[in-house]
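For reference, the structure is listed below as C-alpha cells.
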Amino acid sequence: MIERLFKYFENLVDPYVDYPKEDRPPQTLWPFFKGYSQPFKKVFALTGFMSILVAAIEVGLIYYMGRIVDVLDQGPEQMWALHGTELIIVGLFIIFLRPALQALDVALINNTILPNFGTLIRWRAHRQVLRQSVGWFENDFAGRIANRIMQTPPAAGEVVFQAFDALSFSLAYLIGAAILLTTADPRLLIPLVIWFALYLTLTRWAIRRIGPASKAASDARSNVTGRVVDAYTNIHSVKMFAHHDREELYAKEAIEEARRTFQIEQRIFTVMDFSLVMLNGLLIVGVVGWALALWFQGQASVGTVAAAATLTLRLNSMTAWIMWALSAFFRQLGVVAEGMETIAQPITLVDDADAKPLVLTDGRIEMRGLTHHYGRQSGGLNAVDLVIEPGQKIGLIGRSGAGKSTLLKLLLRFYNAEAGQIRIDGQDVTSVTQDSLRRQMGMVQQDSALLHRSVLDNIRYGRPEATEAEAIEAAKQAEAHEFIEGLEDPEGRSGYASRVGERGVKLSGGQRQRITLARVILKDAPILLLDEATSALDSEVEAAIQKTLYGMMEGKTVIAIAHRLSTIAQMDRILVLDEGRIVEDGDHHALLAAGGLYAQFWARQSGGFLKTEDDET
C-alpha cells in the first residue's frame, strides 16, 4: 500500500516528456525556469495551495490554544459540558486529518517535485549541450561544462523546494498571524508591522548581496573543477614533464579564489544572523509586552497573552529559518544563473528548418570557394576549389596549419564555412541534416580517444545494431583481435567486455588506434576520412593494416591526411596544401616529376615521415 502511494506521487510527472527543442533558449532567469516548469504547472499550483493550508492550520492551532486558556476558568465540569464535543473534534482533527494534509504537502514536494524536477533539467540540459557544435566544446573545459550540468539541477530543485516549503508557508503564516492578532486586539498588530518592515529591510539588504556573491562563488567553484579535471585528463603530460608543482599552483590560484568568494558570501550571513537576533528581540518584547500591558488594563484576556506569546516565539524560531531559506533560495538562483551561462547558450550550428536527409548516390564531393579562418585573419582555408569524383582516393599533405584538418571538419560540418560551399552528390551540406551527413562518413583521427566503456561497445559505436560476431570480425581486420583477447580490467572483466578507461587511457596509442579502425571498418560508410590513421602504429602493425585500409577504400570516396608519405603514395591524387590553398594536385609520380613542394617533402623524408622544417639538412 505504502509502496503504491510512493509510486503514485513519484509518477505524477514524467521528466522525460516530449518538449519542443529551442535553438535560442531564454537568456534570463524566470523565463528559463518557466520553460522547464511547464510539466509541473498543476503540481506546483496544488503544492502552493497545500503550503498555505498547512500554514493556516498552524496559526489556527495557536489561536485555539489561546481559546482553551480562556475557557479553563470555567471549571472542569462546566468546560467539558460546554466544550467537550468541540475538544474531541479538534483532537481527532489533530490526530488524523492534520497529518494527512501534512503528508500530502510533503509527498508533493519530496516525492513528486524534487526527484523529477532535477531529473528533467539534467536530462534537457544534457540534450541541449550535446547539440552544440564541436567548436563550442573546443572553447571551454569539459570539466566546467559537466560541473554546470550537474550542479544546476539540484540548485533549481532547491529553489523550488524553498519556494514551497519555506517561502509560501512563511508568507501564509505571517498573514495568518496578523489576522490572529487583529482578532485578539488590533493594537497588537502595530509592533508586528514595525518588525516586519525592519525584517523586509534586512532581507532586501541580504538578497541584493547574496545573489551576486553566490554567483561569484559558484563561478569560482566551477573554475576549480575545470582546472582540476584538466590536469587529471592530461595526467600523462603532467607526469611526463614533471609539472606537479606547476599544476598545484595553477589549481591553488582557483582554489584560493573560491575561498575568497566564499568568505565574502559568509560575511553576509554573519551580519544577517546578528541583525536577525536583534530584530526578533524587538518582536518578542513589542508584541508580548503590549499584550501584557493590555492585560494589566483589563483590555486583553489571559488567552490573548498566551496566544501572542506563543505566536511571537514561533515567529522568532521561524525567522532564522525563513532568512536562511531566502538565502538558500537566492544563493541557488545564483548557481542556476551560472549554469545558464552554459545550458542556455544559443545553438549556432543548426539544421535548416527544411533540411532533408543526405541522399548519397555516388559520393562525389565538390568544394567551391571554400574559406574558413575560425574568425581570425589567418590559418584555415582560403578560397579552395576542389572536385573529388566518386570512388576517388585523395591524399592530403602540407605543413602544420596548412588547413588539412579544417577541410575535413568543414566536410563533416563541425563548423559552417565562412564562405564558399561544399556539395555531396549535388546537395549542399548546409541543406541536409547533420546526422544524415555524418552517418555517410567514417573517420579515423590521429587522436584516437575512446569512450570509457567496454571494447565491444567502442567498436559497435560505429554501428550499434551490429552483432558481436561482426564487431569481432572488424577487430580482426584491424589487427586488434589478438591484443583484445588478452585484456583484463581491474573489475575482472576481460577481452571484449573489459573497460578501456577514460579516453582509452588503459590502452597504448597503437591499441586505441586499432580499435578506432575497427569501429570505422564496422561502420562501412561510403565516404572515408583518415587523419593520420596509422600514426600511432609500429611499422610491423602498420604494414599489416595498410592492406586492410586499402581493402576498406574499395568503392569508397577517400580523403586521407598523412605526414608519413608512404601511406598515401598509392592514392589516385595527392593534394598539397600550403597557407590554406591547394598548390599542387596530381599522383605521386607526377608530383615528383614536377619538383615542387611534394618532391621536397619526399626528399626530406626520414622513416617515411614528412619533415616540415625549412632548415633540415
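The values are calculated or read from the model by the stated rules, or taken from the named source; none is laboratory data. No experiment lies behind these values; they were computed from the predicted model shown. Neighbour counts are summed over all protein chains in view; Cβ atoms, including those assigned to glycine, are modelled from backbone coordinates with ideal geometry. SASA here: full protein model, heavy atoms, side chains in, ligands and nucleic acids out. Shrake-Rupley method; radii C 1.70, N 1.55, O 1.52, S 1.80 Å.
Some points to look at:
- Residues located in segment 426-444, provided they are surrounded by fewer than 18 Cβ atoms within 10 Å (Cβ to Cβ) and part of a loop (DSSP other than H, G, I, E, B): Gly426, Thr433
- Candidates Thr201, Thr183, filtered to the one that is modelled with pLDDT of 85 or more and part of a helix (DSSP H, G or I): Thr201
- Residue within segment 396-407 that is at pLDDT below 95, under 27 Å from the mean Cα position of the chain (by Cα) and open to solvent by 50 Å² or more (accessible area, probe 1.4 Å) present: no
- Residue pairs whose Cβ atoms lie under 7 Å apart, sitting 6 or more positions apart in sequence or on different chains, and linking a residue in segment 57-75 that is in contact (Cβ under 8 Å) with a residue 40 or more places away in the chain and over 26 Å from Leu171 (Cα atoms) to a partner that is open to solvent by 60 Å² or more (accessible area, probe 1.4 Å) and aliphatic (A, V, I, L, M), are Val69/Val302; Asp70/Val302.
- Any pair with Cβ under 9 angstrom, 6 or more apart, that starts in segment 263-279 at a residue that is open to solvent by 20 Å² or more (accessible area, probe 1.4 Å) and ends at one that is acidic (Asp, Glu): none
- For segment 1-54, the set of residues classified as in contact (Cβ under 8 Å) with a residue 12 or more places away in the chain, open to solvent by 80 Å² or more (accessible area, probe 1.4 Å), in a loop (DSSP other than H, G, I, E, B) and not basic (Lys, Arg) consists of Asp14, Tyr16, Glu22, Gln27, listed by residue number.
- Matching residues, segment 296-309, being part of a helix (DSSP H, G or I) and more than 19 Å from Gln74 (Cα to Cα): Phe296, Ala308, Ala309
- Residues of segment 281-314 that are open to solvent by less than 30 Å² (accessible area, probe 1.4 Å) and either closer than 12 Å to Asp185 by Cβ or in contact with a Cys (Cβ under 6 Å, 6 or more places away or on another chain) (or both): Val287, Ala291, Leu294, Ala300, Gly303, Thr304, Val305, Ala307, Ala308.
- As a summary of the residue check, Glu470 satisfies the conditions (1) on the phi < 0 side of the Ramachandran plot; (2) modelled with pLDDT under 90; (3) of a type in the set (Asp, Glu) except for the one numbered (2).
- Within segment 157-167, restricting attention to residues that are open to solvent by 30 Å² or more (accessible area, probe 1.4 Å) and not hydrophobic (A, V, I, L, M, F, W, C), the residue that is nearest to Leu188 (Cα to Cα) is Asp165.
- Filtered by the rule that a residue be open to solvent by 70 Å² or more (accessible area, probe 1.4 Å) and assigned to a strand (DSSP E or B), segment 365-391 gives Arg368, Asp385.
Let's see how each residue does on (1) modelled with pLDDT of 90 or more; (2) open to solvent by 10 Å² or more (accessible area, probe 1.4 Å); (3) of a type in the set (Asp, Glu):
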residue	(1), (2), (3)
Val500	no, no, no
Gly504	no, no, no
Lys523	yes, yes, no
Ala536	no, yes, no
Gly555	no, yes, no
Ala562	no, no, no
Leu565	no, no, no
Ile568	no, no, no
Arg581	yes, yes, no
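- Within segment 189-217, the residues that satisfy the criterion of being under 29 Å from Asp105 (Cβ atoms), in contact (Cβ under 8 Å) with a residue 60 or more places away in the chain and of a type outside the set (Ser, Thr, Tyr) are Leu192, Trp195, Leu202, Ala206, Ile207, Ile210, Gly211.
- Only a single criterion out of (1) free of Cβ contacts under 8 Å to residues at least 12 places away in the same chain; (2) part of a loop (DSSP other than H, G, I, E, B) is not satisfied by Ala469, namely (2).
- Qualifying residue in segment 350-361 (condition: small (Gly, Ala, Ser), without any contact (Cβ under 8 Å) to a residue 12 or more places away in the chain and open to solvent by 40 Å² or more (accessible area, probe 1.4 Å)): yes
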